[in-house]
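Engineer: Let me give you the structure first, and then I'll get to my questions.
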Amino acid sequence: QVQLVESGGGLVQPGGSLRLSCAASGRIFSINVMGWYRQAPGKQRELVAIGTSRGSTNYEDSVKGRFTISRDNAKNTVYLQMNSLKPEDTAVYYCTADVDGSGRDYYTAYWGQGTQVTVSS
């Protein structure tokens with residue numbers, strides 16, 4: 001089993017910054033993609049940013065230039081630095097990771113429980 005534990009959410013004023021962290025633990029041989037999704041009330045879950053083990057990244061258009069995803073592969077941890085936050089960034093942010101738990105190049109997607117980010121004055 002693999003667990004993903006997120007931290008760093010909270011309430012911030014527009015224009016402020018937050019840094020989310022997500023640490024994976026358990027039976028892990030390797031992790032390919034790690035990333036962040038978010039879900040606002042009444043909306044579908046959407047991709048925010050993803051990063052591969054080789055360093056490639058991809059961002060949702062509305063967060064480009066404001067958010068930065070990074071990884072510490074030695075710690076099986078992914079971060080999301082969020083700057084210039086806007087009210088429309090308010091959502092529950094979920095961490096996800098594609099984990100090989102057997103060493104056979106078979107990857108399973110795991111999800112964290114989510115952390116609330118609220119941008120409001």
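Engineer: With a 1.4 Å probe and all protein chains left in place, how much of the accessible area of the chain comes from carbon and sulfur atoms, in whole percent? Walk me through the numbers before you get to the answer.
Structural biologist: Numbers: 2950 of 6670 Å².
So the carbon and sulfur contribution to the accessible surface is 44 percent.
Engineer: Here is a follow-up. For the chain, give me the percentage of DSSP beta bridges that are antiparallel, rounded to the nearest 5 percent. Please list the in-between numbers first.
Structural biologist: Numbers: 42 of 45 bridges.
Once the DSSP bridges in the chain are tallied, antiparallel ones form about 95 percent.
Engineer: Heavy-atom accessible area per residue, the chain, 1.4 Å probe: how many Å²? Walk me through the intermediate numbers first.
Structural biologist: Details: 6670 Å² over 121 residues.
Accessible area per residue, the chain: 55 Å².
Engineer: If the cut-off is 28 Å between C-alpha atoms, which lysines fall inside it for Lys43, apart from same-chain ones fewer than 8 positions away?
Structural biologist: Excluding near neighbours in sequence, the set is Lys64, Lys86.
Engineer: If R0 is 25 Å, what FRET efficiency do you get for Arg66 and Trp111 from their C-beta distance, rounded to 0.05?
Structural biologist: Numbers: r = 24 Å, r/R0 = 0.94.
Calculated transfer efficiency: 0.60.
Engineer: So how strong a dipole does the chain carry about its Cα centre when Lys and Arg Cβ are +1 and Asp and Glu Cβ are -1, to the nearest 20 debye?
Structural biologist: Details: 12 positive and 10 negative charges, 25 e Å.
So the magnitude is around 120 debye.
Engineer: What figure in square angstrom, to the nearest 10, would you give for the accessible area of Glu60 with a 1.4 Å probe?
Structural biologist: 50 Å²
Engineer: Any idea how far the Cα center of segment 1-20 sits from the one of segment 74-121, in Å?
Structural biologist: 9 Å
Engineer: Over the chain, what is the relative contact order in whole percent, taking alpha-carbon pairs under 8 Å and six or more residues apart? Display every interim value, and only then the final one.
Structural biologist: Working: 307 pairs, mean separation 44.1, N = 121.
Contact order relative to length: 36 percent.
Engineer: Something else: Note the direction-averaged projected area, equal to a quarter of the hull surface, for the Cα convex hull of the chain, in nm².
Structural biologist: 7.1 nm²
Engineer: Highest first, please rank the peptides 21-33, 42-54, 89-101 by the mean number of other Cβ atoms sitting within 10 Å of their residues.
Structural biologist: Numbers: 21-33: 16.3, 42-54: 14.2, 89-101: 20.7.
Ranking, from highest mean packing down: 89-101, 21-33, 42-54.
The values are calculated or read from the model by the stated rules, or taken from the named source; none is laboratory data. All of these numbers come straight from a predicted model, not from anything done at the bench. Please note: Cβ atoms are built from the backbone with ideal geometry, for glycine as well, and neighbour counts cover all protein chains shown. Side chains are part of the model used for accessible areas, which takes the heavy atoms of the whole protein and leaves out ligands, DNA and RNA. Shrake-Rupley method; radii C 1.70, N 1.55, O 1.52, S 1.80 Å.
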